[in-house]
Amino acid sequence: MERGFWLYTWCIRDGRKEFFYVGRTGDSSSQFAASPFSRIGQHLDIRPKATANMLLRHIRTLKLDPLTCSYELISLGPIFPEQPTLALHRKYRDQIAPLEGALADMLPASGRKVIGTHGSTHKADPRLVAEVSTAFRTALGAS
């Protein structure tokens, strides 16, 4: 539940359909970096005026009923702690964003369908990519 820069993936199932949504905490909108647990309610907020519910939007785009799906959250972190200034926040945000992309690339390589887009203009630290890959492969039961 600690605040900071986390990576996470949601495994969403609806009958035989299974797909993954990859995300991170510590975005560009502020200097704050929450835990993925605080994002749960935001991601699945069904209110018409909700704005932080990207996962729900993807589920609806796939023509699935969000109330009949099952959800599993797998998270890793905090990889970096929350930072006291916007300048420091950006430094770590620019490290976590390419890790999110690396995780989104890793999942299809192991046969999993990923929804959403993930891109960064920054290069991921190979050591951190290896750690993230190992952690999520272990959590997902992949080799």
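The values are calculated or read from the model by the stated rules, or taken from the named source; none is laboratory data. Since we're looking at a predicted model, the values are computed, not measured. Counting neighbours? That spans all protein chains shown, and the Cβs are built from the backbone with ideal geometry, glycine included.
Being in a strand (DSSP E or B) and either of a type in the set (G, A, S) or modelled with pLDDT under 95 (or both) is the filter; apply it to segment 22-36 and report the residue that is nearest to the chain's Cα centre (by Cα).
G23
Considering segment 1-25 alone, what residues qualify as being farther than 29 Å from K63 by Cα and of a type in the set (G, A, S)?
G4
Against the definition (surrounded by 13 or more Cβ atoms within 10 Å (Cβ to Cβ), at pLDDT 95 or above and of a type in the set (K, R)), how does R13 come out, yes or no?
Against the criterion (surrounded by 13 or more Cβ atoms within 10 Å (Cβ to Cβ), at pLDDT 95 or above and of a type in the set (K, R)), R13 qualifies.
For segment 80-111, enumerate the residues that are surrounded by 17 or more Cβ atoms within 10 Å (Cβ to Cβ) and in a loop (DSSP other than H, G, I, E, B).
Once the filter is applied, which keeps residues that are surrounded by 17 or more Cβ atoms within 10 Å (Cβ to Cβ) and in a loop (DSSP other than H, G, I, E, B), segment 80-111 yields E82, Q83.
Taking the stated definitions as given, is S75 part of a loop (DSSP other than H, G, I, E, B) and hydroxyl-bearing (S, T, Y)?
no
Go through (1) surrounded by 21 or more Cβ atoms within 10 Å (Cβ to Cβ); (2) assigned to a loop (DSSP other than H, G, I, E, B); (3) more than 13 Å from the chain's Cα centre (by Cα) and name the single condition I59 misses.
(2)
Consider P78 carefully, then state whether it is at pLDDT 95 or above and closer than 23 Å to R3 by Cβ.
On the way: at pLDDT 95 or above: yes; closer than 23 Å to R3 by Cβ: yes.
The answer is yes for P78.
Tell me, please, whether a residue that is touching a Gly at 6+ places or on another chain (Cβ under 7 Å) and free of Cβ contacts under 8 Å to residues at least 40 places away in the same chain can be found in segment 74-94.
no
Failed condition for I46, given (1) touching a Pro at 6+ places or on another chain (Cβ under 9 Å); (2) of a type outside the set (S, T, N, Q); (3) part of a helix (DSSP H, G or I); (4) without any contact (Cβ under 8 Å) to a residue 40 or more places away in the chain, with all others met?
Among (1) touching a Pro at 6+ places or on another chain (Cβ under 9 Å); (2) of a type outside the set (S, T, N, Q); (3) part of a helix (DSSP H, G or I); (4) without any contact (Cβ under 8 Å) to a residue 40 or more places away in the chain, the lone unmet condition for I46 is (3).
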